[in-house]
Every structure is written in structure tokens, then in C-alpha cells.
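Here's the structure we're looking at; comments come further down.
The values are calculated or read from the model by the stated rules, or taken from the named source; none is laboratory data. For clarity, every value in this text was computed on a predicted model and none was experimentally measured. With ideal geometry, Cβ positions are generated from the backbone for all residues, glycine too; neighbour counts draw on all protein chains shown. Each accessible area value is taken on the protein alone, full model and side chains, heavy atoms only, with ligands, DNA and RNA left out. Shrake-Rupley method; radii C 1.70, N 1.55, O 1.52, S 1.80 Å.
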Amino acid sequence: MSGAPAGTPLVLVGAGGFARETAQAVRDVEAADRAAGRAARWRLLGHLDDDPALHGRQVDGVPVLGGSDLLADLPRARVLVCVGSPRDYAVRARLVARLGLPERRYATLVHPTAAVSGSSSVGPGSVLLAHCVLTAAVRVGAHVAVMPHAVLTHDDEVADFATVASGVRLGGGVRLERGAYVGAGALVREGATVGAWSLIGMGSAVLGDVPPGEVWVGGPARRLRAAGPRALAELTGDHPLAQAPAHPPAPAGAAPGGALDSKETGDRGVRPVLRRGTPVI
């Protein structure tokens, strides 16, 4: 046996609020492993962020190793893309497309206090934070962010790149389409659909279907305006990366990685079902 540290190496793309929360969740997983007498499943190497001012610094005790180009030097590390905010909730999709990593490179993080039923599934690159609940036959896609105390009930479907903010409650059979953002404390009535790249304002009550590419607020929620230009670009395909697959295969012999815009990497016990062999924290 070598003296190498235990656990599969893991890096977080981004060093803003969501990435900091994810790093803390990894620590909580490590603590749960130790308490249960298990070997550590993961070894957090640090953040990757293309803001040079952050390089060499620590964020909540976790180092910022450098920019995204370092992924080329970390071929064995698993990756979580931890960016996004209501100001630009399409950024996660852009970065995943730009990185061009195969699906197997992405980890899936489930906080130890999350309750995920055995009939529910969680896709690669997704993060479920503390005390969120997936009750029965919930399907969460790839690169989804589910924040603390969110409740997803029976037969909900959450598509790739969606964000479910803290305290959200989804009734049964709700569908969040690709890239939808549901703000903190919002309620979505059973059977409703929130369209692709639409945003629901915090504390809103959604009683019916929301079309794609719109911002809805209030109780009951009503249309406020069209979504922002970056979200609409993903919806319409005008963005050059909008139609890139979430997990494009890497060219044979190509090194993983790719430069990111510094503006794009800024702020933003249970058994989940694995999807195509994705490792779950």
C-alpha cells in the first residue's frame, strides 16, 4: 500500500457562493464517513476559477488552485461545475459545454442529511445540499443545483441545468424544463410545468404552466417580463454553445479542459440511483 491520501480527487469549477456551499457539503460527507468508520470517498483538491486575483488564495480554507486550464493536468479528478445565480442562471450550461468533458468525469454530490428515495435518480454533475428531500420517483437530471430544505415530491422531473433554490416546494408531477430557475421559497402546484430557461421569483406561488423563457413573480405568479438575454440565448440557440450537448465526448487523445471567462466562473446516508456509473458522494 502506498502512502497516497485516500479518496478520489475532486475539483470544483468556480469559487463563489454555490461552490463554497458545495465544498462545505463535501466536508460534511467526509465527516459522515469518519463517523461511520468508512474510508473517505473523496479528496477535495480545491477550486478552479479563471479570476487571476483568486489564484493561490483560500476560500473558507479551500485553495483556489488556478484556472480551468489546470483540468488538463488533473485527468483523474472528478469535477463539479458550481456556478450560477439569478443574474445569470445559464452560466452552468455554458461552462459545461465549453469544458467538453465526458459524462464520466462528473461527480454527483448528495449531502448526508438529504433524503433521496430509492426510486429517485440523480444525474451526473448535480448537487443536492443539506436537508433537501426527494420523496418518490423523482428524476433529477444532469448539472442540477438543489439547495437546502427544498422538497421535490412524487414524480417530479427536473431537467438538466435547472436550479431549485432553498426552501422551494414542488407538488407532485411538476416538471422543471431545461435550465429553469425556481427562486427561494417558491411553491409550484402539482402537475405544473415551468418552461425551459424561465425564472420564478422568490416566494412566488406558481398555480399553472409557465412558458419557456419568461420571468414570473408573485402570488399567484404572473408574467413580469421575458427572461434575460443569456437565458434567451440558450433557449433560442443564438448562443454559439446553446445547442452543444451537456456531455459531449472528448476527441480521442485530447486533454480535458478549456479556458473559461473569469466572468463566468464567479458567483453564483441515503442512496441516490446512479446514472450510467456516475460516482455519487
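Quick notes
- Meets criteria (modelled with pLDDT of 95 or more and not in a loop (DSSP other than H, G, I, E, B)) for residue 15: no
- Only a single criterion out of (1) within 19 Å of residue 107 (Cα to Cα); (2) open to solvent by 10 Å² or more (accessible area, probe 1.4 Å); (3) in contact with a Pro (Cβ under 7 Å, 6 or more places away or on another chain) is not satisfied by residue 132, namely (2).
- Those strands (runs of 3 or more DSSP E) of region 22-114 that lie entirely within it include none in which at least 1 residues are of a type in the set (S, T, N, Q) and at positive phi.
- Complete set of residues in region 155-192 that are part of a strand (DSSP E or B) and touching a Pro at 6+ places or on another chain (Cβ under 9 Å): 163, 181
- Total residues in region 115-143, condition farther than 20 Å from residue 28 by Cβ and not in a loop (DSSP other than H, G, I, E, B): 2
- Applying the criterion of being open to solvent by 10 Å² or more (accessible area, probe 1.4 Å) and small (Gly, Ala, Ser) to the residues of region 86-107, the residue that is nearest to residue 230 (Cα to Cα) is 97.
- Residue within region 108-118 that is over 14 Å from the mean Cα position of the chain (by Cα) and surrounded by 19 or more Cβ atoms within 10 Å (Cβ to Cβ) present: yes
- Within the set 209, 238, the sole residue that is modelled with pLDDT under 95, surrounded by fewer than 17 Cβ atoms within 10 Å (Cβ to Cβ) and over 18 Å from residue 140 (Cα atoms) turns out to be 238.
- Here region 46-74 is the region considered, the condition is being among the acidic types (Asp, Glu) and open to solvent by 40 Å² or more (accessible area, probe 1.4 Å), and the residue that is farthest from residue 98 (Cα to Cα) is 60.
- Residues that are surrounded by fewer than 19 Cβ atoms within 10 Å (Cβ to Cβ) and outside any strand (DSSP E or B) were ranked within region 193-206; the one that is nearest to the chain's Cα centre (by Cα) is 202.
- Matching residues in region 28-58 - criterion: being within 17 Å of residue 13 (Cβ to Cβ) and within 20 Å of the chain's Cα centre (by Cα): 42, 43, 44, 45, 46, 47, 48, 49, 50
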